[in-house]
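Values quoted throughout were computed directly from the atomic coordinates according to the rules given, and no laboratory measurement underlies them. What you are looking at is a predicted structure, and each value in this text was computed from that prediction instead of being measured. Cβ placement follows ideal geometry from the backbone for every residue including glycine, while neighbour counts extend to all protein chains displayed.
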Amino acid sequence: MARLPYLEKSQLPAEHQDLMKRDIALYKQLVHSPGALRAFQGLGSYIRFGSALDGRLRELAILQVGYLARSPYEWSHHIKIAHDFGVSDADIAALIDETQGRPATLDTLTRLVLKGAREVTSAGKMAADTFASLQTHMPNEQLVDLIVSIAFYNAVVRVLASLEIDVEPDYQPYLERWPLPTA
């Protein structure tokens, strides 16, 4: 149960109603601080629509963060989004296998992206060898966009957990198909 009431567009002053362009629980909580939501949407929009990073790799990195954080909201929402950017069910299964130390059938670059996301999420920074390996596979702009994406979604999962934001019914099937580990 969310810690704050969910606000609807109709409850907002006219100058803030544009913030509710997506009818999602996260925005209905963050809109308690319109300035914060506006800033949040700005970076989130850049990551999704302006980043130089390949969309499939970006979404796999975000899914890695959501999986490690055991964030039902992030995990379920980004499985849906990831499918739109070319992530297959086999990719999701491989991400889970890779995370749990089982052999996975992923290409080198994808494995490095996931490894970097795990390191940033678990240790607070990407290891030097992972960073150097990624530099051999992508230009610096993409590498910075990858790190910004991973760091931003580490912040997002903490916001979601702290506000105890509920997963909307439309996203529950993703959790049923791809449950998060319990421990």
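Tabulated results
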| quantity | calculated |
| --- | --- |
| Condition check for P139: in contact (Cβ under 8 Å) with a residue 60 or more places away in the chain and surrounded by fewer than 16 Cβ atoms within 10 Å (Cβ to Cβ) | yes |
| Counted residues, the range 1-52 - those being hydroxyl-bearing (S, T, Y), in contact (Cβ under 8 Å) with a residue 12 or more places away in the chain and more than 18 Å from V167 (Cα to Cα) | 1 |
| Residue list for the range 8-23, filter: surrounded by 12 or more Cβ atoms within 10 Å (Cβ to Cβ) and touching a Phe, Trp or Tyr at 6+ places or on another chain (Cβ under 9 Å) | L19, M20 |
| Some residue of the range 75-84 being within 28 Å of Q172 (Cβ to Cβ), out of contact with any His (no Cβ under 8 Å at 6 or more places or on another chain), loosely packed, with under 14 Cβ neighbours inside 10 Å and acidic (D, E) | yes |
